[in-house]
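Asks: Attaching a single structure in structure tokens format; questions to follow.
The values are calculated or read from the model by the stated rules, or taken from the named source; none is laboratory data. Given the structure is predicted, the values throughout are model-derived calculations rather than measurements. Using ideal geometry, Cβ is built from the backbone for each residue, glycine included, and neighbour counts are taken over all protein chains shown.
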Amino acid sequence: MEQTRHFKAQPLPSDSPDCLPPRHNYPLTRPKPFTLKTDLRGEKYQHSFRERLRELSDREKENQFRAQPVPSFDPEIPKKPVVPPPTKPVEFFFLTDIRLEERKIFDEQRKLRDMVDNALKEQKQREEMAKGRNSSPTL
């Protein structure tokens, strides 16, 4: 029969120094926050995409069909127009009336001048006749 092997370790000597170096207590590593360029590009794309969606929704609202209000089919009764009060007649005058009066005054003045001129002529003629009679010898 075969015997199974048994491992037996030799015990460490108790009076010998420790062969392992002493363990140092270092502070824990704290990772610093970092940003990847892909994150920046993603944010930029998301912003432009939202902007594009907003513009498209605005355009759809502008192009949306808006119906006119339903017309009322009630018969319209036309209102009578307001009749203004009758106009008051205004007196008018023709320029011919004014010219007629001016012409009458002018004619009267002319007649007076003519009468004065005729009177003067007659007086001159009488004086000349009087002179002619006085100065001419008797025949």
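Asks: Would you confirm, using the coordinates I've provided, whether LEU20 is at pLDDT below 90 and of a type in the set (A, V, I, L, M)?
Replies: yes
Asks: Give just the number: which of (1) in a helix (DSSP H, G or I); (2) exposed (fewer than 10 other Cβ atoms within 10 Å of the Cβ); (3) of a type outside the set (Val, Ile, Thr) does GLU91 not satisfy?
Replies: That leaves (1) as the condition not met.
Listed here are the residues, each with its yes/no results for (1) at pLDDT 95 or above; (2) surrounded by fewer than 10 Cβ atoms within 10 Å (Cβ to Cβ).
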| site | (1), (2) |
| --- | --- |
| ARG99 | no, no |
| LYS104 | yes, no |
| ARG110 | yes, no |
| ARG113 | yes, no |
| ASP117 | yes, no |
| MET129 | no, no |
| ASN134 | no, yes |
| PRO137 | no, yes |
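Let's see how each residue does on (1) of a type in the set (Val, Ile, Thr); (2) more than 37 Å from the chain's Cα centre (by Cα); (3) not in a loop (DSSP other than H, G, I, E, B):
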| site | (1), (2), (3) |
| --- | --- |
| TYR45 | no, yes, yes |
| ARG52 | no, no, yes |
| ASP58 | no, no, yes |
| GLU62 | no, no, yes |
| ALA67 | no, no, no |
| PRO75 | no, yes, no |
| PRO78 | no, no, no |
